[in-house]
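Participant: Take this structure, written in structure tokens, and hold onto it; I'll ask about it next.
The values are calculated or read from the model by the stated rules, or taken from the named source; none is laboratory data. As the structure is a computational prediction, the values presented were derived from the model and not from experiment. FYI the Cβ positions are ideal-geometry reconstructions off the backbone, even for glycines, and counts take in every protein chain you see. We work out accessible area using only protein heavy atoms, side chains counted, and drop any ligands, DNA or RNA first. Shrake-Rupley method; radii C 1.70, N 1.55, O 1.52, S 1.80 Å.
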Amino acid sequence: MAPWGYEKDNGPAHWHKDCPIANGKNQSPIDLINGEVKYDSGLKPLTAKYVPFSDAKFLNNGHSVQFQPSAGNGSELTGGPLAVKYNFEQFHFHWGNNDTEGSEHRVDGKMYPAELHFVHWNSTNPSFKDAVGSGGPNGLAVLGFFLKVGAENAALKPITDLIPKVKDAGTSVTVPSNFDMQAILPATLTDYYTYDGSLTTPPLAECVKWIVFKQPLEVSAAQMEAFRSVINRDGKPMGGNYRPPCPLHDRAVKTSFK
Ligand SMILES: Cc1ccn(O)c(=O)c1
Ligand SMILES: [Zn+2]
């Protein structure tokens, strides 16, 4: 099969051929149905501590645009549903070609125009790659933030300003070392959905503790438009780089809020 993508001939409906787990029982994303989630008072607050990176790239990998440090620097995620410390690996985005579509997770069937994923790996593993292959739902912890169009997002501006420089697949730029990743996050990481799931792109490994925040982040219309000029590895606009929701099967979605 041609490398996987989001086009008619290589999109999500084809992925099962190379990745049979695509039809597994713990796949992501899902539709977060408020009538079916369960409040869990045992869920602790989440703590993300992000240290500015001296050497990080912003790149177009053909299916997303991604902030990728060259090495770890002690940036980590703890708390919430997590039993151990998780190391920050990268963040990236999924978006649509218009404001009615773009997010991977949905809330009562509603899609947001985009979704931002902060990817972390279980620090009891030697590397990200080992964590993906570690088996079970505790290999990775991914924070999902919905994006909606509204006020300009000053914290994301240094990143969205770089988008035109990574328009084509395979391009990358160095991110200024004073970029403050912590500023992207809300002051307190409360009110989230959490469930056991998978990567939303091949290899679709079922190794992810998903933590999806109820409160969307805002970006301006201009910032949203910047994403829509990015080209994917098939030479088409990258917008639409989201996987449709997968069946929940017998999983429970817990919430940190009532
Ligand atoms: C590791 C990984 C790979 C793909 N996506 O979309 C994710 O959110 C996380
Ligand atoms: Zn993602």
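Participant: Per the Kirkwood treatment, what hydrodynamic radius in Å, one decimal, follows for region 180-250 from the mean inverse distance over all distinct Cα pairs?
Facilitator: On the way: mean 1/r = 0.0655 Å⁻¹.
About 15.3 Å for region 180-250.
Participant: Using the basic label-point model (7 angstrom from Cα toward the beta carbon), what is the Ala221 to Val84 distance in nanometres?
Facilitator: Result: 4.8 nm between the two label points.
Participant: Could you work out how far the C-alpha centroid of region 88-109 sits from that of region 153-190, in angstrom?
Facilitator: 16 Å
Participant: From the phi of every residue in region 86-96, what ³J(HN,Hα) in whole Hz does the Karplus formula 6.51 cos²θ - 1.76 cosθ + 1.60 yield, where θ is phi - 60° and glycine or proline is x?
Facilitator: Going residue by residue, I get 10, 8, 5, 10, 6, 10, 7, 10, 10, 8, x Hz, with x marking Gly and Pro.
Participant: Let me see the P(r) profile for region 38-110: every Cα-Cα distance counted, bins of 5 Å, each bin given as a percent of all pairs.
Facilitator: 3, 13, 15, 15, 18, 18, 13, 5, 0
Participant: Can you run phi through the Karplus equation (6.51, -1.76, 1.60; θ = phi - 60°) for region 32-46 and list ³J(HN,Hα) in whole Hz, with x for Gly and Pro?
Facilitator: Karplus-based 3J(HN,Hα) across region 32-46 equals 8, 9, 4, x, 10, 7, 10, 4, 10, 5, x, 6, 7, x, 9 Hz.
Participant: Averaged per residue, what accessible area in Å² does the chain show with a 1.4 Å probe, protein chains only? Each step should come with its number before you reach the end.
Facilitator: Values: 11060 Å² over 258 residues.
Result: 43 Å² of accessible area for each residue.
Participant: How big is the charge dipole of the chain about its Cα centre, in debye rounded to the nearest 20, if each Lys and Arg gets +1 on its Cβ and each Asp and Glu gets -1 on its Cβ? Walk me through the numbers on the way to the answer.
Facilitator: Values: 24 positive and 26 negative charges, 49 e Å.
In debye, rounded to 20, the chain gives about 240.
Participant: For Lys85, tell me the accessible area in Å² from a 1.4 Å probe, rounded to the nearest 10.
Facilitator: 90 Å²
Participant: Based on the Cβ-Cβ distance of Asp250 and Asp40, what FRET efficiency does E = 1/(1 + (r/R0)^6) give at R0 = 25 Å, to the nearest 0.05?
Facilitator: Working: r = 17 Å, r/R0 = 0.68.
The pair Asp250/Asp40 has a calculated efficiency of 0.90.
Participant: Related question: Could you list which residues have their amide H under 5 Å from that of Ala114, counting only those 5 or more apart in sequence or on another chain, with H placed in the peptide plane?
Facilitator: Ser103, Leu147
Participant: Follow-up. Could you work out how much longer the chain between Lys157 and Ser172 gets when fully extended? Use 0.36 nm per residue separation minus the Cα distance between them, nm to one decimal. Intermediate results must be reported in sequence, preceding the final value.
Facilitator: Values: separation 15, 0.36 × 15 = 5.40 nm, distance 1.69 nm.
Gain on stretching Lys157 to Ser172: 3.7 nm.
Participant: With N denoting the number of residues in the chain, provide Rg(C-alpha) divided by 2.2 N^0.38 Å, to two decimal places.
Facilitator: Compactness ratio reported: 0.94.
Participant: For the chain, modelled as a Gaussian network with Cα springs under 10 Å, which listed residue fluctuates most, Gly102, Gly150, Gly80?
Facilitator: Gly150
Participant: Round to a whole number: what % of the accessible area of region 138-246 belongs to carbon and sulfur, probe 1.4 Å?
Facilitator: 52 percent
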